[in-house]
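Encoded as structure tokens, the structure appears first; notes follow it.
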Amino acid sequence: RPRDRNATFSSKVVPKGERRMDGLDGMIISLYAGGMTVRDIQHHLASTLGTELSHETISNVTESVVEEVRAWQSRPLDAFYPVMYLDAIMVKIRDGGHVSNRAAYIAVGVDMSGVKHVLGIWVQASEGAKFWSQVCAELANRGVRDVLIVCCDGLTGLPEAIEATWSRALVQTCTVHLIRASMRFVSYSDRKAVVAMLKPIYTAATEDAALAALAEFADSELGKKYPAAVATWEHAWDRFTPFLAFSPALRKLIYTTNSIESLNFQCRKIIKNRGHFPNDAAAVKLLWLAIMNIEDKRARERAKEAGKPASERKAPARLVEGSTIQTWKTVLGELALVYPDRVNPYL
């Protein structure tokens, strides 16, 4: 740093008497949370600030948040969540001498006030029931005593793990994922016609009406042309039908995991340039940083518009963490009628 006789110079990057570059640390973590690799950050700092930092120094700075991630992942949770969503984002993890694709699952819980919270992030290291048993046990150990409805894709072993942990929980297969799964077998030219025939199934007033609509699709020309699409619905039927017993407001809330699709979309943008992660913990660390970074950015944008009329506010709302479900009062009223013994103690 420059020297002056009266010691009046003070660096903004590294203040006097500081052995740690706190200002620079924050910048490195922010760049890392935005999806830049360690070497990208190294080049960026050299070209913009003229600061030469080693690969190891930058890695150590990003590792400084590990304890914070662990504390967040093990924090106490509410005893009861009426609705829980589970959705996955694919990440590449180095495993020995090769890179493998693994699913990083993000769990979002809706509390009794209708506010969403990211409960945790887990990278699937093992298949099926064993992995989900560990996830459910972790949530239970953090204080979750009961969950009414768990909305997810058709995940092997999850229903059994949930029933073992919360015996009365209802597992609802995401209808959007089910539609996508059945459309894999349909040629592009027939997709619109098939989607039109599937709509009466998931919009039916009752389960019997839905079953009749499925039978009509199976007997149609398109159903006979694509039997695998019909089989997809038949195999998932028991996990698809629970939401048909509820009103439109509650159906809209639980028939799909799309409420966290926007979160996954933002996370995919951040990890797509990463190539692969050295281990599971590195993937969880970046996903956590990404979520915190996105929410902080949106909060700053909203703070700038504080005091303006609603018609002039253009800042985005909360992505997931802390966002509120608009129709929650109606949904909670229905849940209290259907499950009075489980909901009323927490009102």
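Distance from the C-alpha centroid of the stretch 25-48 to that of the stretch 190-259: 47 Å, rounded to the whole angstrom. In a DSSP loop and with at most 12 other Cβ atoms within 10 Å, the trypsin sites (Lys or Arg not before Pro) in the stretch 294-347 are LYS314.
To the nearest 0.05, what FRET efficiency results for ARG70 and ALA103 with a Förster distance of 22 Å applied to their C-beta separation? Could you put the intermediate results ahead of the total?
Details: r = 21 Å, r/R0 = 0.96.
Rounded to the nearest 0.05, the efficiency is 0.55.
The relative contact order of the chain comes to 19 percent, based on Cα pairs under 8 Å that sit 6 or more residues apart. Between the C-alpha center of the stretch 121-143 and that of the stretch 261-302 there is a gap of 21 Å. Here's the list of lysines a cross-link from LYS224 could span, going by alpha-carbon distance under 23 Å and ignoring same-chain residues fewer than 8 apart: LYS192, LYS199. Largest first, the residues GLU301, GLU67, GLU52, GLU207 sort by 1.4 Å accessible area into GLU52, GLU67, GLU207, GLU301. How much of ILE93 can a 1.4 Å solvent probe reach, expressed as accessible area in Å² and rounded to 10? Accessible surface of ILE93 is approximately 0 Å². Exposed loop positions in the chain were taken to be chymotrypsin sites (Phe, Trp or Tyr not before Pro) whose DSSP state is not H, G, I, E or B and which have at most 16 other beta-carbon atoms within 10 angstrom. Between these positions, the longest stretch is 10-184. In the chain, taking the dipole from charged Cβ atoms about the Cα centre, the farthest positive-side position among ASN101, SER47, PRO278 is held by SER47. Per residue, what accessible area does the chain have, given a 1.4 Å probe and all protein chains present, in Å²? Heavy-atom accessible area per residue stands at 53 Å². For the stretch 182-282, the set of trypsin sites (Lys or Arg not before Pro) satisfying both a DSSP loop assignment and a count of at most 10 other C-beta atoms within 10 Å is given as ARG184, LYS272. Taking the charge dipole of the stretch 75-261 about its Cα centre, with +1 at Lys and Arg Cβ atoms and -1 at Asp and Glu Cβ atoms, the residue from THR241, ALA169, THR156 reaching farthest to the positive side is THR156.
Computing the accessible area with a 1.4 Å probe over protein heavy atoms, can you report the carbon and sulfur percentage for the stretch 165-299? Solvent-exposed carbon and sulfur of the stretch 165-299 make up 55 percent of the total.
Only lysines eight or more places from LYS269 in sequence, or on another chain, were considered; those with a Cα closer than 25 Å are LYS92, LYS116, LYS285, LYS297, LYS314.
The values are calculated or read from the model by the stated rules, or taken from the named source; none is laboratory data. As the structure is a computational prediction, the values presented were derived from the model and not from experiment. Note that each Cβ is placed from the backbone with ideal geometry, even for glycine, and that neighbours are counted across all protein chains shown. Ligands, DNA and RNA are stripped out before the accessible areas are found, and what is left, the full protein with its side chains, is counted by its heavy atoms. Shrake-Rupley method; radii C 1.70, N 1.55, O 1.52, S 1.80 Å.
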